[in-house]
Amino acid sequence: MKTLPEIVTAFAKGIARSRVSLLGAMIVTVTTPFLFGAILYDVLFHIDNTYFSGAIYMLVGPAFVGGLVLVFLGLFFFKGKEEVRLFTLEYLKGYFTEPEKFSRMRKLVFFAVFLTCINLLIFSMLGYRAYHYMESVGFCGEFCHTVMNPERTAYLNSPHSRVPCVECHIGSGADWFVKSKISGARQLFAVAFNTYPRPIETPVHGLRPARDTCEECHRPEMFHGDKLVVKDIFLEDEKNTHVKTVLLMKIGTAGDRAISSHGIHWHVAPENKIYYKASGRDRMTIPEVTLAKQDGSTLVYRSGDADELGEEAELREMDCIDCHNRPTHIYLSPRVAVDNQILSGAIDSSIPFIKKKAMEVITKEYASQEEAKEAIAVELNEFYRKNFSSVAEEKTDQLKKSIAGIQKAYADNVFPEMNIKWGTYTNHLGHNDDVGCFRCHDEEHETETGEVISMDCDTCHTILAEEEADPEILKTLSGM
Ligand code: HEC
Ligand code: HEC
Ligand code: HEC
Ligand code: HEC
Ligand code: HEC
């Protein structure tokens, strides 16, 4: 009868006899302490560095698993001739019928179980942390730096900057996790071989239906009433005059118990199904819209170019993304980007013509963000030195700060390296800078009986003030 140490020796000998196992054992020995330490550290303190985590979970982890596979492959298949008998039925039968062999096997099994437990522990920790790592904003947004930089930058400036990428791009459930990893592997290749499109294509055709993701947090049936939206606008005059547009947005609801669906979120009420066919992959031109009502009737709205729709035109059910296509990767128009910087105080509106000059410099084309940064500073400094020497001399600090604000307005929205210019990514929520709602609401889409999709200005909002310096309505609301 063999004792445990003897079995360990036999096991070690077995490994030593096969080169494949030996190689595997060497890999496992080298990686185990490092991997174990790193994972333990990650679990307890969290590793912040994306590249370090990447090395652990994408290189060392798989190497460890590969090493183990080699050990067992070597033990079972590449050992001496004699051991091949291990697999013959007769040999196995011997283990069960001869008491001495049986007891030896019991110990072997015990030893194997013991080893497996340790390996399972490392495996599960590795799997768990690797899963977390692949779900992290760092992995999605930083690992492929230039590729994801625009999306990540816009995301960090948005209301969803604390929502992990995967909450919208994958959502819950195993099937979408697997799907995302398959497309993720394809993307890794595209990055490795530099074949990815610049800019990255939008819309994302494989995106999970928004109702599965957005509605994990938002419930349109719980929206009620209207929302006051105040737009701060700075005119391109000497004083950069501050004016306001005030809109009452008819947010509406998808319907809840006694309240029937109405207003803007009427589109996503369970009783309304809206389908559309677009003429291109970009979904910008929508020649045909079908509204299927609860009572089973349908209305088909078609515009003039509907006859040109090909057979292959995809029929899509409208969801959140058809309006909120930029909930987090919000690329602003130059006007809004500059206005926001003035409003936040980054650009000093006491500098004459700063809005006008800002618009001029940020809408020029530059080869890279660095070039833009430099050119913007040079041009603005020169302009104020030449035309407003008092500003250049007395407001040096304000001018310097404002230039930084203007550089930021550019750098947050334009990424020449990825061919992202002003307006490359359109925003469907509105109709001023992009077509937006008017893709359907243009009164050109008609049913056979002549009904059109409304373009009436009061359908979606009431305009309470438009570019007024001191809107009456805001005074009324604040009780002054
Ligand atoms: C609040 C939800 C949400 C979050 C969080 C989010 N995304 Fe997106 N993402 C979207 C939507 C919606 C689209 C556009 C879908 C469409 O138009 O088809 C999109 C599009 C993209 C695109 C395609 C290019 C584009 O801009 O249309 C990339 C790349 C992308 N996201 C990467 C990321 C990364 C990286 C993160 C995390 C840093 C992230 N996303 C976080 C919702 C989100
Ligand atoms: C994990 C939760 C979560 C998910 C998933 C999520 N959101 Fe949000 N969303 C939030 C939170 C929290 C806020 C409020 C942020 C704030 O006010 O700072 C918000 C705000 C918003 C706003 C208001 C933004 C504004 O300018 O005030 C819109 C619109 C919105 N989300 C749409 C979406 C859409 C569309 C999706 C799906 C693509 C989505 N959200 C997915 C949590 C989420
Ligand atoms: C027909 C277009 C459309 C669809 C479809 C749509 N929304 Fe909206 N949503 C809007 C508009 C327009 C606003 C108002 C934006 C503004 O001016 O602030 C809005 C506002 C919101 C807000 C902010 C509400 C508030 O009171 O501030 C959230 C959150 C939101 N939508 C989530 C969703 C979700 C989730 C879905 C999908 C189930 C969805 N929306 C579908 C157009 C739409
Ligand atoms: C894919 C086509 C499509 C798009 C895009 C679209 N709508 Fe609609 N919308 C419709 C249809 C169809 C109707 C029903 C016909 C009508 O009432 O004119 C409708 C009706 C409405 C209504 C009236 C709802 C009620 O109470 O009866 C509002 C408000 C509205 N849309 C707002 C918007 C806003 C805001 C946007 C852009 C953010 C938008 N829609 C984008 C198709 C669309
Ligand atoms: C189908 C819905 C819909 C219709 C019809 C519509 N709008 Fe709008 N409008 C919107 C939405 C959505 C926004 C964006 C609100 C936001 O940015 O928060 C908007 C924004 C605006 C703004 C503010 C723009 C800015 O950013 O400064 C003005 C002004 C405006 N609309 C005027 C009009 C006028 C005039 C009409 C009639 C010809 C009209 N709208 C018809 C949905 C609509």
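Just a few scattered comments:
- Selection count, the stretch 114-164, where residues are more than 16 Å from ligand 2 (Cβ to nearest atom), within 20 Å of residue 189 (Cα to Cα) and among the hydrophobic types (A, V, I, L, M, F, W, C): 7
- Search result, residues across the stretch 208-217 that are surrounded by 17 or more Cβ atoms within 10 Å (Cβ to Cβ) and in a loop (DSSP other than H, G, I, E, B): 208
- Restricting the stretch 360-418 to residues that are charged (D, E, K, R) and either touching a Ser or Thr at 6+ places or on another chain (Cβ under 7 Å) or touching a residue at least 60 places away in the same chain (Cβ under 8 Å) (or both), the residue that is farthest from residue 149 (Cα to Cα): 408
- For residue 224: the one exception among (1) more than 9 Å from ligand 3 (Cβ to nearest atom); (2) in a loop (DSSP other than H, G, I, E, B): (1)
- Qualifying residue in the stretch 378-393 (condition: modelled with pLDDT of 95 or more, among the aliphatic types (A, V, I, L, M) and not in a helix (DSSP H, G or I)): no
- Single residue of 402, 454, 389 found to be more than 16 Å from ligand 1 (Cβ to nearest atom), more than 25 Å from residue 252 (Cβ to Cβ) and surrounded by fewer than 16 Cβ atoms within 10 Å (Cβ to Cβ): 389
Per-residue answers, yes or no, for (1) closer than 17 Å to residue 348 by Cβ; (2) under 35 Å from the mean Cα position of the chain (by Cα):
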site	(1), (2)
379	no, no
383	yes, no
393	yes, no
397	yes, no
401	yes, yes
408	yes, yes
413	no, yes
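- Scanning the stretch 261-273 for residues that are surrounded by 13 or more Cβ atoms within 10 Å (Cβ to Cβ) and either free of Cβ contacts under 8 Å to residues at least 60 places away in the same chain or not in a helix (DSSP H, G or I) (or both) yields 261, 262, 263, 265, 266, 267, 268, 269, 271, 272, 273.
- The test for being within 16 Å of ligand 5 (Cβ to nearest atom), in the same structural domain as residue 395 (by TED's automatic domain parsing) and buried (at least 17 other Cβ atoms within 10 Å of the Cβ) does not hold for residue 322.
- In the stretch 1-38, of all residues being at pLDDT 75 or above and of a type in the set (S, T, N, Q), the one that is farthest from residue 61 (Cα to Cα) corresponds to 9.
The values are calculated or read from the model by the stated rules, or taken from the named source; none is laboratory data. Because the structure is predicted, anything quoted here is derived from the model rather than measured. Quick reminder, even Gly has a Cβ in these numbers, built from the backbone with ideal geometry, and neighbours come from all protein chains shown.
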